[in-house]
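A short reminder: the numbers here are calculations on the coordinates, not readings from a lab. Note that the coordinates shown come from a computational prediction; the quantities given were computed from them, not determined experimentally. Every residue, glycine as well, gets a Cβ built from its backbone with ideal geometry; the counts of neighbours run over all protein chains shown.
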Amino acid sequence: MAHVWRMIAQRLALGLLTLFVVSIIIFGATELLPGDFAQAVLGQAATPEAVANIRRELGLDQPVYMRYFDWLFGVLQGDFGTSLAQRGRPVTDMILSRLGNTFFLAIYAAAMAVPLALTLGVLVALWRNSLFDRIANSTALSAISFPEFFVAYILIFVLAQSGYFPSMARMPAGADLGEKLYRAFLPALTLTLVVTAHMMRMTRAAIINLLASPYIEMARLKGMRQSRVIVHHALPNAIAPIANVVAINLAYLITGVVVVEVVFVYPGLGQLMVDSVSRRDIPVVQAIALIFAAAYVLLNLTADVISTLSNPRLLYRK
Amino acid sequence: MADREVLLNIRGLKIEGKSGDDWLPIVNGVNLTLRKGEVLGLIGESGAGKSTIGLAAMGFARDGCRISDGVIDFDGIDLRAASQEQLRRLRGKRIAYVAQSAAASFNPAHKLMDQYCEAPVRHGVMSRSQAEKDAVELYRKMQLPDPEGIGFRFPHQVSGGQLQRAMTAMAMSCRPDLIIFDEPTTALDVTTQIEVLAAIRDIVEQFGTAAIYITHDLAVVAQMADRIKILLRGDEVEEADTETMLAAPKHDYTKSLWAVRSFQRAEQGAATDKPVVSLRNISAAYGPVKVLDNISFDIHARRTVAVVGESGSGKSTAARVLTGLLPPSRGEVLFDGEALPPDYRSRTREQLRHAQMIYQMADTALNPKLTLRKIIGRPAAMYLGLRGRALTERVRELLRLIELEPDEYIDRLPSELSGGQKQRIGIARALAAEPRFIICDEVTSALDQIVAEGILRLLDKLQSEFSLAYMFITHDLATVRAIADDVVVMQKGKVVEQGPKPEMFNPPHEPYTELLLSSVPEMDPDWLTRLLEERTRKGLPQSADQ
């Protein structure tokens, strides 16, 4: 087990390095955007003096590297700075509530999608080339092929127009969990439909890939049932690829759901990021980009750890 | 034996395999009778259909195969008419299977004990705790080290020979009436093979289990079987009890199998010229693991050095050092008396050209997407700068050298060749660079005896024609006897003994060489019994790892 801990520590250190590089890239990229915050706020008619004043006030007249290091030292102390657009409001404040919403929706969708995808994946592998296999595959493929907003509007048309579920997912203050689950059901369902196909097909492929192995033939020749052959003999050896595809999809649920947030007016991080980019609110963009990068790093690390734990050859040395 | 009850009766068995849209025959009407407690040896080259028949005795056909005709009667049950559920209840419980590669046939995700207990518990033969006790008992009978603990290891933590015994124990778990042994020792070293053979034989005798023992090695089957049946391309050639079959084979094909180890290269005498390639005090390691310890030997033009040893002895690593794939930690490689750069990336194209390799698995060593014209032409173009018509002419010439008709073969893909032909292409590709030195890494190990013999003859002919120096890596002492001029015996990264072949095969030997030589099965049904008795009497180890 010791080497697993060492691997986790190494990967975390590498993850921090990745985040550092990401922060430089984001900072550099926002520098390349035409126009700046002062110009954007004051409009075309602003006098050069007024623009210069605001720039000085916010420290925008400092050289890039100064601003970057100022920001970086802040972050290292847990301070993401203050928003430019909403003067003086700490970025942490603005992000925290949104972050909670995003995680809530991501976990909600994952809790539906992952078990569904894995179960379906095992079943279609078990009954491969059957009618069930073909129907499940074509349905999943259709769901993934439509644009998300289209799936969302179809669901609104079918499930919201008829009054079963609300089409607006904005939460009233102090809603309890049941209320939250009810209100966020449609966006969560949309995301489930979007990510299930990928995970299901990967599970199917990973299992079928193993069915030609000698140890699978051995299990059959020991008189094991087909279901046991798949679940007990093939699945444990297919965990690594499945964990990886699940991690990628979970990361997508956290970082890639802007469109769905917009359609359902759901106050998540994605929307805040898009808004902040258009307002040139660089500190907010930076913070969110870092969170997204951290989500990818952590989820990939988790997938690697699960792959290692699932493989006795890596876990127990000779 | 003839008075015992018939357990398995196969009549007119036909099996077909799918090739594109057609079903081609694999087995054409084989009959087979097995009585209780009897061991039948099934012998044949690869493609003879012996594994397919073995599986059919369990009512099983691999994907892409079907049992198309005949009767398979197991103890009064018609296996062809039985439902999948009935077959499932028989498999593992009354008929068990031992596969060729235990390393691949144990599930890497589960411990040996879990895999042992699966059949008895799932078939309702005994409870888990009973099965575990029983497993320890069988592991002890199979002479596995640490019988109490070995079941709680994963397959990768156990050596190949031990896994093969654990698999035999697993097959015994429900005390079946019949076990199919499908080449259970083919993947093992000779010294390991002996202990597995002995363990299998003891346990089969002890429980009176009937067995079908499938192999291509006559000497092995002679130790194991009461009767032998010979197969050739899905047809039965002949069948007789073991003694008769060995003493008086009737059919020409059988006689040719017996005679196959006849190829013997002419004696060369001692080397007089300077060596082409020399290893000088080479030590090498993979990371912290030391694999070569101060080895030295020479290879001369027109001579073959056979490097012999078990898996893990470092013989392939020596080849990797020679080719520069693994720079040694100490020592140097000399070519024509001059030191070669340790890393192949620092060697000149000319230096690279003169050392070529032929690999064990021709299947994976040839690019499946390229035609033979490309495969053989590439080294000729790269090293010798041949283009256009000159290149084509050279490829055709090389094909003629390896005895394949150029017009017929030049535009084929590797998948359109037999195993032996693929290995010939490997040889042509090595020759295309016009090298002076060729490393042959177990080039005949994956081939049937008759095909292997053809390859050895070809290599011998090419050697005298082009004054080649060969380094021949093998674990098969019969091959060494056939082709070597000099022999280097390796064990655990060290050279145990080296010298000209006649010296090596005549006593006195180093103890390890003695162990290797005496472990080669002989065509005598009592060989194994005698050998084990002799080793016990002399107090010698039964195998290398004890």
### Query
In degrees from 0 to 90, rounded to the nearest 10, what is the angle of the helix B:372-384 Cα long axis to the longest principal axis of chain B?
30 degrees
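Based on the Cβ-Cβ distance from B:Lys538 to B:Ser418, what FRET efficiency comes out when R0 is 45 Å, to the nearest 0.05?
Working: r = 45 Å, r/R0 = 0.99.
Step by step, r from the Cβ atoms, then E = 0.50.
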### Query
Quick one: net charge of B:Phe297's neighbours, Cβ under 13 Å, K/R +1, D/E -1?
0
### Query
Counting other C-beta atoms within 10 Å, which of B:Thr186, B:Thr272 has the fewest, and how do the rest follow?
B:Thr272, B:Thr186
### Hull shadow area, averaged, segment B:7-84 [alpha-carbon convex hull, nm²]
5.4 nm²
### Query
Which order do A:Phe146, B:Phe74, A:Phe292 fall in if you start with the one that has the fewest other Cβ atoms within 10 Å?
A:Phe146, A:Phe292, B:Phe74
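Report the local net charge at B:Val277: Lys and Arg +1, Asp and Glu -1, summed over other residues whose C-beta lies under 9 Å from its C-beta.
Details: positive: B:Arg436; negative: B:Asp298, B:Asp336.
That sum, taken over residues with Cβ under 9 Å, equals -1.
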### Query
From the backbone phi of segment B:437-449, what are the Karplus-calculated ³J(HN,Hα) couplings (6.51 cos²θ - 1.76 cosθ + 1.60, θ = phi - 60°) in whole Hz, Gly and Pro given as x?
9, 10, 9, 9, 9, 6, 5, 10, 5, 8, 10, 5, 4
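For peptide A:222-229, how many partner chain Cβ atoms fall within 10 Å of a residue's Cβ, on average?
For this peptide, the per-residue mean of nearby foreign Cβ atoms is 6.
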### Query
Could you give the dipole magnitude of segment A:94-279 about its Cα centre, charging the beta-carbon of Lys and Arg +1 and that of Asp and Glu -1, in debye to the nearest 20?
520 debye
### Query
Using 1/(1 + (r/R0)^6) with R0 = 35 angstrom and r between the beta carbons of B:Asp202 and B:Arg128, what's the FRET efficiency to the nearest 0.05?
0.85
### Task
Taking amide H positions as placed in the peptide plane 1.01 Å from N, state which residues far from B:Phe437 in sequence (5 or more) or on other chains have amide H under 5 Å from it.
B:Gln356, B:Ala469
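Quick one: A:Ser227, B:Ser68, fewest Cβ neighbours within 10 Å first, how do they rank? Walk me through the numbers on the way to the answer.
Details: A:Ser227 11, B:Ser68 14.
Lowest count first: A:Ser227, B:Ser68.
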### Task
Extending each Cα 7 Å along its Cβ direction at A:Leu33 and A:Arg6, get the distance between those two points in nm, one decimal.
4.5 nm
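Given 4 °C and 1.567 mPa s, how large is the Stokes-Einstein diffusion coefficient of segment A:94-279 in µm²/s, with Rh as the Kirkwood radius over Cα pairs? Write down the numbers at each step before the final one.
On the way: Rh = 18.0 Å.
Roughly 72 µm²/s, to the nearest whole number.
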#### Entry: Per-residue HN-Hα couplings for segment B:26-32 [Karplus 6.51, -1.76, 1.60; θ = phi - 60°; Hz; x = Gly/Pro]
10, 10, 10, x, 9, 10, 7
### Message
What are the ³J(HN,Hα) couplings of segment B:484-501, residue after residue, when phi is run through the Karplus curve with 6.51, -1.76, 1.60 and θ = phi - 60°? Round to Hz, x for glycine and proline.
### Response
7, 9, 10, 10, 10, 9, 10, 8, 6, x, 10, 7, 7, 7, 8, x, x, 4
### Task
Using the charge dipole of segment A:94-279 (Lys, Arg: +1 at Cβ; Asp, Glu: -1 at Cβ; taken about the Cα centre), state which of A:Ala152, A:Gly100, A:Gly223 has its Cα farthest towards the positive end.
A:Gly223
### Given charges at Cβ of Lys, Arg, Asp, Glu: chain B dipole, positive-most of B:Leu456, B:Ala247, B:Gly234
B:Leu456
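Order the peptides A:266-277, B:159-170 from the highest to the lowest mean number of other Cβ atoms within 10 Å of their residues.
Values: A:266-277: 21.0, B:159-170: 25.2.
Per-residue mean Cβ counts within 10 Å order the peptides as B:159-170, A:266-277.
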### Query
Helix B:419-432 sits at what angle to the longest principal axis of chain B, using alpha carbons and giving 0 to 90 degrees rounded to 10?
10 degrees
### Task
Please list, in chain and number order, the residues 5+ apart from B:Gly493 or on another chain whose amide H is under 5 Å from its amide H, with Hs placed from the backbone.
B:Gly314
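Given +1 on the Cβ of Lys and Arg, -1 on the Cβ of Asp and Glu, and no further charges, what dipole in debye does chain B carry about its Cα centre, rounded to the nearest 20?
Working: 68 positive and 75 negative charges, 316 e Å.
My answer is approximately 1520 debye.
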## Note on the structure
In the protein assembly as shown, taking the dipole from +1 charges on Lys and Arg beta carbons and -1 charges on Asp and Glu beta carbons about the Cα centre, the listed residue (A:Leu189, B:Ile53, B:Gln351) farthest towards the positive end is A:Leu189
### Query
With charges set only on the Cβ (+1 for Lys and Arg, -1 for Asp and Glu), what does the dipole of the protein assembly as shown come to about its Cα centre, in debye to the nearest 20?
1680 debye
### With Cα atoms, 0 to 90° folded angle of helix A:131-145 axis to chain A main axis
10 degrees
### Task
Would you mind checking which residues have amide H under 5 Å from B:Gln268's amide H? H placed 1.01 Å from N; only 5 or more apart, or other chain.
none
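What net charge is computed for the residues neighbouring A:Gln286, neighbours being all others with C-beta under 13 Å from the C-beta of A:Gln286, Lys and Arg scored +1, Asp and Glu -1? If you can, show how the numbers build up before the last one.
Numbers: positive: A:Arg67, A:Arg280; negative: A:Glu31, A:Asp70, A:Asp79, A:Asp281.
That works out to -2.
Other chains near A:307-316: what is the mean number of their Cβ atoms within 10 Å of each residue's Cβ? Walk me through the intermediate numbers first.
Numbers: counts 0, 0, 0, 1, 4, 10, 6, 1, 1, 5.
Counting other chains' Cβ atoms within 10 Å and averaging over A:307-316 gives 3.
Count, for each residue of B:79-92, the Cβ atoms from other chains sitting within 10 Å of its Cβ, then give me the mean as a whole number. Please report the intermediate quantities before stating the final value.
Numbers: counts 0, 0, 0, 0, 0, 2, 1, 0, 2, 6, 1, 1, 5, 7.
Shielding by partners across B:79-92 averages 2.
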